[in-house]
Amino acid sequence: MSQTGIVTSWRGPFGFVELEDKTAVYVATEDIDGGRLRVGRTVTFDTEEGKEGKLKGVNVKGEGVLAKGTELSEEDKAEDRKKAQEFRESKTNAAKEEMQPVWDKVEKLALSNQVTLLKKLSSMNGGKLEAKYADPTQKGSKKFTKGEFLAFYGNEEGNQRWKQVSSGKPKKRITRE
């Protein structure tokens, strides 16, 4: 029984054709009279059991077959490259669409795990999570909470320094006390 598929790759003496149900079929040079296949093009073929029980395409015919000794014009080569690129992009987009629900679940799970972790850290710290920043005026300084800035520098200077470090480029880091 003849089947139809799209050429997915061609490397020297062999290539692959994909059926509509995503089954890959191996095609060897000898099964196309020494010619080669053109990626992204359609071929019709019969199948038989090949090496290790894999499907092998035989009696391959169609627009995707380039006969032995046939030279393509530059225009045809450019069209082949374009077709191959379009085919690869369609496969990539299909794979992305197929995997998107999985990635959405992974992202949702990761966010819920972050919330759970923050809640655990919060409960370990008496219900408080405080950001800590290093004092930029002291090289190698340890990180302080806002309360520690106020206690060390006094209310006015401590508030000024806290605003300086907490609103600028230093990244917040939530830590447990």
Worksheet entry | Subset of segment 40-68 (residues that are open to solvent by 30 Å² or more (accessible area, probe 1.4 Å), touching a residue at least 12 places away in the same chain (Cβ under 8 Å) and not basic (Lys, Arg)) | THR42, THR44, ASP46, THR47, LEU55, ASN59, GLY62, GLU63, VAL65, ALA67
Worksheet item: Scanning segment 109-156 for residues that are open to solvent by less than 80 Å² (accessible area, probe 1.4 Å) and among the aromatic types (Phe, Trp, Tyr), which turns out modelled with the highest pLDDT?
Response: TYR153
Discussion item. Residues to consider are LYS96, LYS77, LYS83; find the one that is within 28 Å of the chain's Cα centre (by Cα) and either open to solvent by 70 Å² or more (accessible area, probe 1.4 Å) or among the hydrophobic types (A, V, I, L, M, F, W, C) (or both).
Written reply: LYS96
Item to complete: Collect the residues in segment 1-13 that are open to solvent by 70 Å² or more (accessible area, probe 1.4 Å) and either free of Cβ contacts under 8 Å to residues at least 12 places away in the same chain or of a type in the set (Phe, Trp, Tyr) (or both), keeping them in residue-number order.
Response: ARG11
Discussion item. Looking at GLY53, GLY15, can you tell me which residue is out of contact with any strand residue (DSSP E or B) (no Cβ under 7 Å at 6 or more places or on another chain) and more than 11 Å from THR4 (Cα to Cα)?
Written reply: GLY53
Worksheet entry | Enumeration of residues in segment 57-74 that are at pLDDT 85 or above, farther than 14 Å from ILE6 by Cα and among the charged types (D, E, K, R) | GLU74
Fill in: Every residue from segment 16-39 that is open to solvent by less than 20 Å² (accessible area, probe 1.4 Å) and touching a residue at least 24 places away in the same chain (Cβ under 8 Å)
VAL17, VAL25, VAL27, ALA28, ILE32, GLY35, LEU37
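The values are calculated or read from the model by the stated rules, or taken from the named source; none is laboratory data. Here the structure is a predicted model, which is why all the values come from computation and not from measurement. Heads up, the Cβs are rebuilt from the backbone with ideal geometry, glycines too, and the neighbour counts pull from every protein chain shown. Just so you know, the surface numbers come from the protein's heavy atoms only, side chains and all, with ligands and any DNA or RNA stripped out. Shrake-Rupley method; radii C 1.70, N 1.55, O 1.52, S 1.80 Å.
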